[in-house]
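Q: There's a structure below that I have some questions on.
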There are 2 protein chains.
Amino acid sequence: MEELKQERWKKLSEKYLFREPWLTVRHNSYELPDGRVIPDYYILEYPEWVNTIAVTKDGKFVFVSQYRPGLDRTSFELCAGVSEKSDKSMEEAARRELMEETGYGGGVWQEFMTVSANASTTTNLTHCFIAEGVELCGERHLDDGEDIKVHLLTLDEVRELLLHDEIKQATHLAPLWKYFALKNL
Amino acid sequence: MEELKQERWKKLSEKYLFREPWLTVRHNSYELPDGRVIPDYYILEYPEWVNTIAVTKDGKFVFVSQYRPGLDRTSFELCAGVSEKSDKSMEEAARRELMEETGYGGGVWQEFMTVSANASTTTNLTHCFIAEGVELCGERHLDDGEDIKVHLLTLDEVRELLLHDEIKQATHLAPLWKYFALKNL
């Protein structure tokens, strides 16, 4: 397979339009390798995100559900969140989010893959973890504005959700389908 | 498995911050079911997106590569694009994008899944298709600002890209890993 040549576009200008806590947007312009100019290109800056396929000692999958205003629907999701400056690593961020949102912790963790919600316009990656053998360790501590339910699902229930297209978040579907593919589930 | 109750948040206000061709942002505020208020919530409006796992009659996968400013890297991707008002269906949008970006067409098409790049803030879905038995039908017609190379990959090459985390776009990884999982590849 041929190597991909990294043909960057030349950045001609860059200006911040918004720098709010939940919305940071840049207006950039670029010159393509063949000389064409793209005058208006918008880049969305976000911190790194994390999510986790967490499985309890008795083989249940720790899922959450919450209302999502973008799609205007409530969906099953992996536990997920945003890395904070105080997190020493992406695994620490993922462990913190799992504990805060679900009360589950412990277990054996591995980083499974990194994905981008939209490589064309978003700057961050989502770091996807697998945590096997988690257990209920304490109280949940939801952030302001979080309204999240916890669900313990069997493997068959997760497969049904996947096969019936009930999970929508692509950054969660990528690790879930990879998990099912590699384990022949 | 329990049914998810659709507990919508109550929208308290809505205002457009930006309505440009490639960036439409709304500022909303919401009241949660327990009465808490989220004063600043940003929604990104996009048209529906499409992408396609296109396989030629001799079993090659039609991939593209392009520079992606968000991640600042050049990656292998599925052929993908944005639905236009003139497209009579999402399949027509996906067929048009495949022809424009790669010159491949024909074949047997099915909608495989729909995914969201980010259900919390983006309004659109990505409609993912499988097209089997496509062939080179004509000339490519790239849009302004498109700088795309076409690659015909073997099944083994696609598997290597997936296993080595070389594809980053979550909206492409979800259907690709689902394809590998369901076909036991």
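Only the coordinates and a few stated rules stand behind these numbers; no lab work does. Computed from a predicted model, the values in this text were never measured in an experiment. Cβ placement follows ideal geometry from the backbone for every residue including glycine, while neighbour counts extend to all protein chains displayed.
Q: Ranking A:102, A:74 by Cβ neighbours within 10 Å, fewest first, what do you get? Before the final figure, lay out each step's value.
A: Numbers: A:102 23, A:74 19.
The most exposed by this proxy come first: A:74, A:102.
Q: Go ahead and set up a Gaussian network model of chain A, Cα springs under 10 Å, then flag whichever of A:126, A:24, A:114 fluctuates most.
A: A:24
Q: As an exercise, identify the GluC sites (Glu not before Pro) in segment B:80-139 lying in DSSP coil whose Cβ has no more than 12 other Cβ atoms within 10 Å.
A: Values: sites: B:84, B:91, B:92, B:97, B:100, B:101, B:111, B:132, B:135, B:139; in loops: B:84, B:139.
Hits after loop and neighbour filter: B:84, B:139.
Q: Separate question: Tell me, A:4, A:163, B:78 in order of fewest to most beta-carbon neighbours within 10 Å? Each step should come with its number before you reach the end.
A: Values: A:4 16, A:163 13, B:78 25.
Ranked by crowding around the Cβ, least crowded first: A:163, A:4, B:78.
Q: For chain B, report the convex hull volume of the alpha-carbon atoms normalised per residue, in Å³, without decimals. Numbers along the way, then the final one.
A: On the way: hull volume 30.7 nm³, N = 185.
Cα-based convex hull of chain B, divided per residue, equals 166 Å³.
Q: Further, regarding this structure: By count of other Cβ within 10 Å, fewest leading, how are A:109, B:9 ordered?
A: Values: A:109 19, B:9 23.
Going from least to most buried by this count: A:109, B:9.
Q: Using only the alpha carbons of segment B:109-185, what is the convex hull's orientation-averaged projected area in square nanometres? Each step should come with its number before you reach the end.
A: Values: hull surface 28.1 nm².
Across all orientations, segment B:109-185 yields a mean hull projection of 7.0 nm².
Q: Defining the label point at 7 Å along Cα→Cβ, can you sort the distances from residue B:152 to the same site in each other copy, shortest first, in nm?
A: Relative to the other copies, residue B:152 has label-point distances of 5.3 nm.
Q: Sort all Cα-Cα distances of the protein assembly as shown into consecutive 20 angstrom bins from zero, then give the percent of pairs in each bin up to the one containing the longest distance.
A: Over the protein assembly as shown, the share of Cα pairs per 20 Å bin runs 28, 59, 13, 0 percent.
Q: Next question. What is the calculated FRET efficiency for residue A:37 to residue B:92, with r their C-beta to C-beta distance and R₀ = 30 Å, to the nearest 0.05?
A: Details: r = 31 Å, r/R0 = 1.02.
Once rounded, the FRET efficiency stands at 0.45.
Q: Still on this structure, please answer the following. Quick one: work out Rg over Rh on the C-alpha atoms of segment A:31-126, Rh as Kirkwood radius. Provide the component values of the computation, followed by the final result.
A: Values: Rg = 17.2 Å, Rh = 15.7 Å.
Rounded to two decimals, Rg/Rh equals 1.09.
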